[in-house]
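See structure below.
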Amino acid sequence: MANTEDLFKNIISHSKEYGFIFQSSEIYDGLSAVYDYGQLGALLKNNIREYWWKSMVQMHENIVGIDASIFMHPTTWKASGHVDAFNDPLIDNKDSKKRYRADVLIEDYIAKIEGKINKEVEKAAKRFENFDETMFRGTNARVVEYQKKIDEINTRFKTALEKNDLADVKQIIIDLEIVCPISGTRNWTDVRQFNLMFATQLGSVSEEASTIYLRPETAQGIFVNFLNVYKTGRMKIPFGIAQTGKAFRNEIVARQFIFRMREFEQMEMQFFVKPGTEMQWYDHWKETRMKWHQSLGFPQTQYRFHDHIKLAHYANAACDIEFNFPFGFKELEGIHSRTDFDLKSHEQHSGKKLQYFDTEENQSYVPYVIETSIGLDRMFLAMLSQAYTEEKLENGEERVVLRIPPPLAPYKCAILPHLNKDGLPEMARKIIDNLKFDFYCQYDAKDSIGKRYRRQDAIGTPYCITVDHQSLQDNTVTIRERDSMKQQRVFVESLSSFMDSNTNLKTLLKL
Ligand code: GAP
């Protein structure tokens, strides 16, 4: 088995080799941090999106889904705070001309010290039986010293950001003697704030054109439609509005494949509640969303909550669901208690009353909001990294298998005529014709059956249905299951119900 760095590289090359993900505009050497989904990637992405939509919208009578535009009135982004506060602190190295996020340079520096601590902990854990890590961290002189340094840097950096003291952010980088990874020098420019929104022009005549933005989150499309949906949908609080769609951010440090991209897709839901009940709903959605992730059947230890201590300007509570990616635990989904910040701000900027009339209380109020926000591409990466397995079989052969939950797999089954003659292809084609309206099926008659199994394993097809000479006699076929590689013989008539009970999204939703 490859180490985690190699494993991640293998996952990236597997994604390309089998048509899941390609670099955007590859023939022109690609566009940084922008990716295209290939023939299999598009299917997997659709399936993940559909599973989210069904779980959130179809399964909740009080949640409806919309599809708002990417372009929105520019005042939207003033009201949301993105024009003033959606910034990253940037610094350039004058020698390499490379641009960095100042906070990332400092975080990377801290991560190196954390790495040293972890090494000390690992060493000690090997040496002592009944090793008490907390005690070790609190008493070992070297670890205590490292930790003290981390705390000092964090406090100084946090204060500098809070005061918007960019000169001190630069001074921290200088004091820590951080060098540019390319030039190796400390020849830094001043730190500047850089807005992450992409701006473009609406209108064809340049003098009259106005600046608008590509949305950096889908959430605002929901807030500006709050009144429309509440009135036309006769919604009663608590209720939710969901949507999926593209978002755009001019990320400076865009790395780790599709983890952080400049164009990506979000799946968001804003849940409108009575003021004062928001913490109860926040806990509810934390639990519900964690259950959704765990419904995929991956080990529970791969997920954890990370509660935010430093809150965004709009939140009174927030956490991430983190996933253990090949490069460590990182944010997969955010759950935020956004208070009444957004609706109130849109009220102020639009002059429209964005309130709910509570018939039970006989009063109007601006609802509070709990948001669940997950990146579809990040979910795709979590799925791929968890599903990707390199295995050595008992017979010494090796295989790569994508253990994608069957309801989400791009192809649900492959139909394989054992030989490409004797009427077997014709029978296989008939079976496909019966199944293909309900299930994505692949037909494959080339190469040995073993090679064909390997190809399907590599793209995550959960079932291989083989048509052999016995099939012609008794109308049975074999079904080979991807993960266990076990085979069973079934009647052709039962294939459709077999596929339905094993690959329907219902099986994940535990219905
Ligand atoms: N409306 C709230 C919001 O947008 P966020 O934490 O900035 O919150 C939510 O983003 C989710 O969107 C993240 O948890 C992540 O899954 C995804 N996401 C954010 N930026 C991304 C990027 N540059 N590339 C891919 N996914 C991203």
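The values are calculated or read from the model by the stated rules, or taken from the named source; none is laboratory data. Keep in mind the model is a prediction, meaning the values are calculated, not measured. FYI the Cβ positions are ideal-geometry reconstructions off the backbone, even for glycines, and counts take in every protein chain you see. To get the accessible areas, we keep the full protein, side chains included, count just its heavy atoms, and leave off ligands, DNA and RNA. Shrake-Rupley method; radii C 1.70, N 1.55, O 1.52, S 1.80 Å.
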Check your understanding: For the chain, what is the accessible area per residue in Å², given a 1.4 Å probe and the full set of protein chains?
Key -> 50 Å²
**Study point:** Cut-off under 5 Å, modelled amide H: who pairs with F325 long-range
**Key:** K330
Check your understanding: Roughly how many nanometres apart are two label points built 7 Å out from the Cα toward the Cβ at D95 and A42?
Key -> 4.7 nm
Practice item. For segment 1-109, would you read off the P(r) tail past 23 Å as a percentage of all alpha carbon pairs? Key: 65 percent
Point to revise | Sparsely packed trypsin sites (Lys or Arg not before Pro) within segment 80-161, loop by DSSP, other Cβ within 10 Å at most 11 | key: K97
Study note, to complete from the structure: One can check that the equivalent ellipsoid of segment 312-357, built from the alpha-carbon gyration tensor with semi-axes equal to the square roots of five times its eigenvalues, has lengths in Å, largest first, of 33, 9, 8
Review point. What does the charge dipole of the chain about its Cα centre add up to, to the nearest 20 debye, if the Cβ of each Lys and Arg holds +1 and the Cβ of each Asp and Glu holds -1?
Key: 320 debye
Review point. Once amide H atoms are placed 1.01 Å from N in the peptide plane, what residues at a sequence separation of 5 or more from Y388, or on another chain, have their amide H within under 5 Å of its amide H?
Key: R403
Practice item. Calculate I(q)/I(0) for segment 397-509 by the Debye formula, one identical point scatterer on each C-alpha and no solvent, and give its log10 at q = 0.13, 0.19, 0.22, 0.24 Å⁻¹ to two decimals. Key: -0.43, -0.95, -1.27, -1.49
**Study point:** Signed unit charges on C-beta, dipole axis of the chain, positive-most listed residue G81, P406, F226
**Key:** P406
Practice item. Could you tell me what percent of the accessible area of the chain is made up of carbon and sulfur, with a 1.4 Å probe and every protein chain present? Key: 49 percent
Practice item. Could you calculate the contour length gain from R186 to V144, that is, 0.36 nm times the residue separation minus the distance between their Cα atoms, to one decimal place in nm? Key: 12.3 nm
Review point. Each residue of segment 214-227 in order: what ³J(HN,Hα) in whole Hz does its phi give by Karplus 6.51 cos²θ - 1.76 cosθ + 1.60, θ = phi - 60°, with x for Gly and Pro?
Key: 6, 4, x, 7, 7, 3, 5, x, 6, 4, 6, 9, 3, 5
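Above 46 angstrom, tally the Cα pairs of the chain and express them as a % of all pairs, no decimals.
Here the long-distance tail beyond 46 Å is 23 percent of all Cα pairs in the chain.
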Review point. In debye, nearest 20: dipole of segment 87-195 around its Cα centre with unit charges on the Cβ of K, R (+) and D, E (-)?
Key: 320 debye
Point to revise | Length-normalised contact order of the chain in % [C-alpha pairs under 8 Å, at least 6 apart] | key: 14 percent
Review point. Which links in K45/K506; K97/K119; K119/K392; K54/K330; K54/K236; K126/K149 stretch past 28 Å when you go from one Cα to the other?
Key: K97/K119; K119/K392
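Hey, how much of the P(r) for segment 87-195 falls beyond 18 Å, as a percent of Cα pairs? Walk me through the intermediate numbers first.
Numbers: 3241 of 5886 pairs.
The answer is 55 percent, as a whole percent.
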Revision key, fill the gap. With segment 369-445 reduced to its Cα atoms and the Debye formula applied, log10 I(q)/I(0) at q = 0.14, 0.16, 0.19, 0.26 1/Å amounts to -0.71, -0.83, -0.96, -1.10
Check your understanding: Hey, if you drop one equal point scatterer on each alpha-carbon of segment 212-264 and run the Debye formula without solvent, what base-10 log of I(q)/I(0) do you get at q = 0.17, 0.21 Å⁻¹?
Key -> -0.65, -0.80
